[in-house]
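> Sharing a structure, written as structure tokens. Questions coming.
Laboratory data are not the source of any read-out in this text; all were calculated from the coordinates shown. These figures come from a predicted structure and were not determined experimentally. FYI the Cβ positions are ideal-geometry reconstructions off the backbone, even for glycines, and counts take in every protein chain you see.
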Amino acid sequence: MTSHEDYMRLALVEAKKSPPKPTNFCVGAILVSPSASHPVLATGYTLELPGNTHAEQCCFAKFAATHDVLEEEVGKVLPNDTVLYTTMEPCNFRLSGNTPCVDRVLRTNIQTVCIGVKEPEKFVGENQGRSKLEAAGVNVLHITGFEGDILSVATAGHEK
Ligand code: HJL
Ligand code: ZN
């Protein structure tokens, strides 16, 4: 049995691959179908794909591409037990104006999101990501014990 903590550790491995940038956080994410023989469906980290991409967005875009659907339609090909693990609470507002990751989650069939930390109030004030997911009926679980590592990776590119 692979635990929530094991998957959060894998998400943190992804976050460490993200190029440090002063204007956002280095985040890692994975999509997991616990019942599948190969449970990790996709991995992603901030700025992995071309453009100003977020970790969760990269997971969706990569899984969609391997299943020949648009990212907007990735819910059609995700198993029903898919869980999103992300080192940081999905965003609900982006300074760049791009589609927030909460909206990307809500257009899928995902029912559970596991987060490692709440988003620090550095760029957008209080992020309503968790509460918006919960209001839509998605279970949000805070997997504890990784906060220190997650935040030091997330803020690697920020001025000290
Ligand atoms: C999450 C990420 C990432 C953030 N949050 N959950 N995953 N980079 O991959 C949240 C932060 C936004 C800023 C800047 N970061 O990224 O609030 O330029 O990065 O659209 O609001 O917005 P852009
Ligand atoms: Zn995002």
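> Which number gives the lysine pairs in the chain that have C-alpha atoms under 17 Å apart and are eight or more places apart or on different chains? Before the final figure, lay out the partial values.
Values: 17/62; 21/122; 21/160; 62/76; 118/132; 122/160.
Lysine pairs meeting the criterion: 6.
> Please list, by residue number, everything in segment 42-70 whose backbone N is under 15 Å from a paramagnetic label point 7 Å out along Cα→Cβ of residue 16.
Under 15 Å, as judged by backbone N against the label point of residue 16, lie 45 of segment 42-70.
> Distance from a point 7 Å along Cα→Cβ of residue 107 to each backbone N in segment 63-89: keep the residues under 17 Å and list them by number.
It comes to 63-78, nothing else.
> Across the Cα atoms of segment 35-160, what radius of gyration and what greatest pairwise Cα-Cα distance (Dmax) are found, in Å?
For segment 35-160, the Cα-based Rg and Dmax read 14.2, 43 Å.
> Could you tell me the center-to-center distance, by alpha carbons, between segment 125-144 and segment 45-105 in angstrom?
Distance between centres, Cα-based: 16 Å.
> Another question about this same structure. Give me the Debye-computed log₁₀ of I(q)/I(0) at q = 0.13 Å⁻¹ for segment 6-92, equal point scatterers on Cα only, no solvent, two decimals.
-0.38
> Follow-up. Could you check which residue among 82, 53, 43 shows the biggest mean-square fluctuation in a GNM of the chain with a 10 Å Cα cutoff?
53
> Got a sec? Charge dipole of the chain, +1 on Cβ for Lys and Arg, -1 for Asp and Glu; which of 137, 82, 60 is way out at the positive end?
It is 60, whose Cα lies furthest towards the positive end.
> Still on this model: Between residue 156 and residue 96, 0.36 nm times their residue separation minus their Cα-Cα distance comes to what? Before the final figure, lay out each step's value.
Details: separation 60, 0.36 × 60 = 21.60 nm, distance 2.02 nm.
Here the segment from residue 156 to residue 96 would lengthen by 19.6 nm.
> Now for a separate question. If you take every DSSP beta bridge whose two residues both sit in segment 1-158, what share of them, in percent to the nearest 5, is antiparallel? Please list the in-between numbers first.
On the way: 9 of 18 bridges.
Antiparallel bridges make up about 50 percent of those DSSP assigns within segment 1-158.
> Then there's this: Given +1 on the Cβ of Lys and Arg, -1 on the Cβ of Asp and Glu, and no further charges, what dipole in debye does segment 1-142 carry about its Cα centre, rounded to the nearest 20? Walk me through the numbers on the way to the answer.
On the way: 13 positive and 16 negative charges, 55 e Å.
Rounded to the nearest 20 debye, it is 260 debye.
> Just to confirm the filter: which GluC sites (Glu not before Pro) across segment 103-160 are DSSP coil and have at most 15 other Cβ within 10 angstrom of their Cβ?
Numbers: sites: 121, 126, 134, 147, 159; in loops: 121, 126, 159.
Of the GluC sites (Glu not before Pro), the ones in loops of segment 103-160 whose Cβ has at most 15 other Cβ atoms within 10 Å are 121, 126, 159.
> Same structure again: Report, in deg cm²/dmol and to the nearest 500, the calculated mean residue ellipticity at 222 nm for the chain, where each DSSP H run with n ≥ 4 adds -39500 (n - 2.57) and the sum is divided by the residue count.
Numbers: 5 runs with 45 residues, N = 160.
Taking each H run of at least 4 residues, the total per residue is -8000 deg cm²/dmol.
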